[in-house]
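Accompanying notes for the structure given below.
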Amino acid sequence: MTDHQEDRRRAARTMGSALLLAVVGPALVLIGGGQPWAHARATNQFGVIVHVAASGKEVNAAATALALVGLAAVVAVLATRRIGRLVVGAIMALSGAGIAVVAAMGASDTSALRDAASKAGYNPTLSAVTHSAWPWLTLLGGVLLLAGGVLTVARGRTWPGMSRKYDAPTGAAKRVTAASTPADIWKALDRGEDPTA
């Protein structure tokens, strides 16, 4: 195997690793965002106790939104090259960092629980407050997305891109006229030109 082939294989493996991180990370965030991050008990004026819970989306919906941005960036990595890929990698990294911050802040948050109790007509003074592990798994998802973004910024310029076969023809490309023969039309199609344009 030549050095060039080895470099291409290494680049493809690195790209696969980065994209895997950038898919698994947001998937964890989206799953974690729908799970209860905190539980508590609240009482009403008659002393009735009710259980209240707050999901990750109720604590802070920003993590879910940033996860969707991260997933969109994964698709953009495949469609871009060089500078565009650096920009997309930076967006992935910033989204991952944002998710990690939101999850860390939400891990001990009780304001969503108080809001849930108040909306149900209960006293917002809570007892037996517990927090689940979901914020920390969401934080892990953010870190994975961040790592995928950093890897994209660091190595993305060497990764293979989509084939140029489907790029729009340049100004130098031969235009097919209405008077062209069927053979000319087929040749234009083979070159990637649109004979109907």
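The values are calculated or read from the model by the stated rules, or taken from the named source; none is laboratory data. Remember, predicted model here, so these are calculated numbers, not experimental data. Here the Cβ is made from the backbone with ideal geometry for all residues, glycine too, and neighbour counts use every protein chain on show. Note: areas computed on protein heavy atoms with side chains; ligands, DNA, RNA excluded. Shrake-Rupley method; radii C 1.70, N 1.55, O 1.52, S 1.80 Å.
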*Taking the chain as a Gaussian network, where each spring joins two C-alpha atoms under 10 Å apart, which residue of 23, 143, 129 fluctuates the most?*
129
*Where only protein heavy atoms count, and the probe is 1.4 Å, what is the accessible area per residue for the chain in Å²?*
58 Å²
*Say we join alpha carbon atoms closer than 10 Å with springs in a Gaussian network model of the chain; which of 160, 182, 26 then has the biggest fluctuation?*
182
*Please give the length that would be gained between residue 81 and residue 35 if that part of the chain were fully extended, namely 0.36 nm times their separation in residues minus their C-alpha to C-alpha distance (nm, one decimal).*
12.9 nm
*Any chance you could run the full-extension gain for residue 183 through residue 10? It's 0.36 nm times the residue separation minus the Cα-Cα distance, nm to one decimal.*
58.0 nm
*What residue among 43, 80, 152 has the largest mean-square fluctuation in a Gaussian network model of the chain, using Cα springs under 10 Å?*
43
_Rounded to the nearest 10 Å², what accessible area does residue 15 have for a 1.4 Å probe in the complete protein model?_
20 Å²
_Where labels lie 7 Å past Cα in the beta-carbon direction, separation of residue 110 and residue 27 in nm_ = 3.6 nm
*asked:* Name the residue from 186, 49, 106 whose Cα lies farthest towards the positive end of the charge dipole of the chain, charges +1 on Cβ of Lys and Arg and -1 on Cβ of Asp and Glu.
replied: 186
_Relative contact order (%) - criterion: Cα under 8 Å, at least six apart; region: region 74-148_ = 47 percent
*Starting from the alpha-carbon convex hull of region 23-136, give the projected area averaged over all orientations, in nm².*
7.0 nm²
*What part of the accessible area of the chain, given as a whole %, is carbon or sulfur when the probe is 1.4 angstrom?*
63 percent
*Taking Cα pairs under 8 Å and at least six residues apart, what relative contact order does region 1-130 come out at, in percent?*
32 percent
